Amino acid sequence: MLYTLLCYNDELMTSAWSDEKDAEVMACLGAVHAKYKKQFGPVVRLMPTTAATTFRKDENLVIDGPYAETKEQLLGFHVLDVENLEQAVQIVRELSEANPGGAYEIRPIMLFYPDGASVPGPTVKDG
Amino acid sequence: MVDLPDPGWIESKLVAARPRAVAALLRYFRDLDLAEEAFQEACLRALTKWQENGPPRDAVAWLILVGRNVTLDHVRRQSRLTELPDEQASSDREDVEGTLVERLDGSHYRDDILRLLFTCSHPELPTTQQIALALRVVSGLSVRQIARAFVVDERAMEQRITRAKARIAQAGLPFEAPGPVERAERLVVVGAMIYLIFNEGYSDASPGSQRGALCEEGIRLARLLLRLFPSEPEMMGLLALMLLQHARRRARFDAQGSLVLLEQQDRSLWDQTVVGEALAMLDKAMLHRRPGPYQIQAAIAALHARAKQASDTDWAEIDQLYAALERRTPSPVVTLNRAVAVSKVRGPEAALEMVEPLGAQLAGYFYFHGLRGALLKQLGRSKEAGEAFKRAIGLAGTAAEAAHIREQLDGLG
């Protein structure tokens, strides 16, 4: 089953980290990745929300800033291929110990191939 | 089971919350010292309460509420309540927590933080006091840390901050909500102050120096403002500019701590993550088509960042950008910087011609004599070059600057 782990945290806090602190946290997360090499797919770290631009479809407007003004921001995501949700939760626990604070949203992935190509889908289907 | 936060986590949360909480408390108490004390009290309580009960849902609102209540208690007990304006005191007693939390969202936050920063950038304060005050009150650096950054002793720094506060209290604080024009003006003043903080760090951000933290603080404040005022292209430009300069921090000093000029820097040491964010910010700013001095300076820095090696630098474009900057904000320092680009595009003779007339205005400026010396050296006028370098050394603000010129002087043979 493919999942994304969406990482949320208070950006004001994470962006106040020193270089050393940032490197330390990344190293801790890296250790979890090393442990679950087979399960982890791509990881994306997002730039601060100040760098974001949002296109509002209804108003046909380009506006500065992220889509959602929240107390905690979406800071990045991991892609995870695991047997089941239980294993995903286990890995999330270990990531949380490496980097406390905020939350992870564990969201199953659906794949979309715009060209209709037949590519292997998620390892486990519903039902 | 509730996961209880560790002290390190609480501390970084408190650091992150400080500007917003102190800003709101300042609106409430209308007194910098009281606002600071209130925040301090709230932090002390947070350290125990959050470890016992877990962190609150909204840390900033919690700190403001607790800080306000505790301090009000103190004030009442010392029967100093009468010192608060009547209207303020009566309306606040009816205040319920809900409305306060509600009021903290949106525009209040924005204007509170802007007011706090604007207060620290009071035009009557000398710039050194502005910076010291902002670092103390907004960023929460200890007097000791600030004193170390400025290389003065702690008592002197304490006095400097006390004097600054007294002066602000005398001048009165701007508490009415600003109109759009005023808000824009305040942003300009505050932007300049943030850049001062950054530059104070940048002038000597050698690895052994304590000043590097000031660069990070400047960047943090710019990010904070940009989150509150997301559509200000000049604030984006300022952030991009600081990020681009900060990205070079590891390449700016060699193992001996001497300054390495941009052209000689090992570009593989430039922090590409930071460069990436800066280029994205600048790109975003340009979409607004409202250029300004910070955006132009960031665009210049971006051209350096985009050059894989020094010889790839698009000096002609940099010359053009400096020309645009000269038109907008004419200053001998801008012309001096442009002369560097001109020396690359049209040679040292043309650059020297541009530099010589600035002598009267920039006689006391380190970089003027440094650049003049370098241009004279290129033209083979060693004797004059030597004199210029010696004047530069006499004006050097840091050991690194002096050492760099001394090397050039030695190179004259």
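The values are calculated or read from the model by the stated rules, or taken from the named source; none is laboratory data. None of these values were measured; they are calculated from a predicted model. Please note: Cβ atoms are built from the backbone with ideal geometry, for glycine as well, and neighbour counts cover all protein chains shown. Note: areas computed on protein heavy atoms with side chains; ligands, DNA, RNA excluded. Shrake-Rupley method; radii C 1.70, N 1.55, O 1.52, S 1.80 Å.
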Just to be sure, is B:Ala298 more than 21 Å from B:His404 (Cα to Cα), within 14 Å of chain A (Cβ to nearest Cβ) and modelled with pLDDT of 95 or more?
yes
Could you check segment B:105-131 and list, in sequence order, the residues that are more than 13 Å from B:Ala24 (Cα to Cα), open to solvent by 40 Å² or more (accessible area, probe 1.4 Å) and either part of a helix (DSSP H, G or I) or of a type in the set (A, V, I, L, M, F, W, C) (or both)?
B:Phe118, B:Thr127, B:Thr128
Subset of segment B:132-144 [part of a helix (DSSP H, G or I) and open to solvent by less than 10 Å² (accessible area, probe 1.4 Å)]
B:Ala132, B:Leu133, B:Ala134, B:Leu135, B:Val137
Take the residues in segment B:307-329 that are part of a helix (DSSP H, G or I) and of a type in the set (Ser, Thr, Tyr), then tell me which one is least open to solvent (accessible area, probe 1.4 Å).
B:Tyr322
Do the conditions hold for B:Ala285, that is, is it in a helix (DSSP H, G or I), more than 14 Å from chain A (Cβ to nearest Cβ) and in contact with a helix residue (DSSP H, G or I) (Cβ under 6 Å, 6 or more places away or on another chain)?
no
Residue match in segment B:255-265 (condition: of a type in the set (Gly, Ala, Ser), within 17 Å of B:Thr398 (Cβ to Cβ) and in contact (Cβ under 8 Å) with a residue 40 or more places away in the chain)
yes
Those residues that are in contact with a Pro (Cβ under 9 Å, 6 or more places away or on another chain) and either under 17 Å from B:Pro332 (Cα atoms) or open to solvent by 20 Å² or more (accessible area, probe 1.4 Å) (or both), I need them from segment B:376-397; list them, please.
B:Lys377, B:Gln378, B:Leu379
Output for segment A:55-75, where each listed residue is on the phi > 0 side of the Ramachandran plot and more than 11 Å from chain B (Cβ to nearest Cβ):
A:Asn60
Among helices (runs of 4 or more DSSP H) lying entirely in segment B:1-82, which contain 1 or more residues that are at pLDDT below 90, of a type in the set (Lys, Arg) and farther than 30 Å from B:Val190 by Cβ?
B:59-77
Does B:Ala147 count as hydrophobic (A, V, I, L, M, F, W, C), part of a helix (DSSP H, G or I) and either assigned by TED's automatic domain parsing to the domain that holds B:Ala247 or open to solvent by 30 Å² or more (accessible area, probe 1.4 Å) (or both)?
no
Select, from B:Leu376, B:Leu362, B:Leu352, the only residue that is modelled with pLDDT under 95 and on the phi < 0 side of the Ramachandran plot.
B:Leu362
Kindly indicate the residue of segment A:95-119 that is more than 14 Å from chain B (Cβ to nearest Cβ) and touching a helix residue (DSSP H, G or I) at 6+ places or on another chain (Cβ under 9 Å) and also most open to solvent (accessible area, probe 1.4 Å) among those meeting that condition.
A:Pro108
In the set B:Gly364, B:Gly373, the lone residue that is free of Cβ contacts under 8 Å to residues at least 40 places away in the same chain and part of a loop (DSSP other than H, G, I, E, B) is B:Gly364
Wholly within segment A:1-87, which strands (runs of 3 or more DSSP E) include no fewer than the required count, namely at least 3 residues that are of a type in the set (A, V, I, L, M) and open to solvent by 30 Å² or more (accessible area, probe 1.4 Å)?
A:61-64
Any idea which of A:Ala52, A:Ala27 is facing another protein chain (nearest Cβ under 9 Å) and either at pLDDT below 95 or under 30 Å from B:Leu141 (Cβ atoms) (or both)?
A:Ala52
For the list (1) within 21 Å of B:Phe253 (Cβ to Cβ); (2) without any contact (Cβ under 8 Å) to a residue 24 or more places away in the chain, I need the number of the one condition that B:Gly411 fails.
(2)
Of the conditions (1) crowded, with 17+ Cβ neighbours inside 10 Å; (2) within 24 Å of B:Ile318 (Cα to Cα), B:Gly359 clears all except one; give me its number.
(1)
Considering only residues that are within 25 Å of the chain's Cα centre (by Cα), open to solvent by 30 Å² or more (accessible area, probe 1.4 Å) and either away from chain A (no Cβ under 14 Å) or not β-branched (Val, Ile, Thr) (or both), which ones fall in segment B:13-56?
B:Arg20, B:Arg27, B:Arg30, B:Asp31, B:Asp33, B:Glu37, B:Gln40
State all residues of segment B:275-292 that are among the aliphatic types (A, V, I, L, M) and open to solvent by 20 Å² or more (accessible area, probe 1.4 Å); if no residue qualifies, say none.
B:Leu279, B:Ala280, B:Met286, B:Leu287
Looking at this structure, is B:Gly201 touching a Gly at 6+ places or on another chain (Cβ under 9 Å) and within 14 Å of chain A (Cβ to nearest Cβ)?
yes
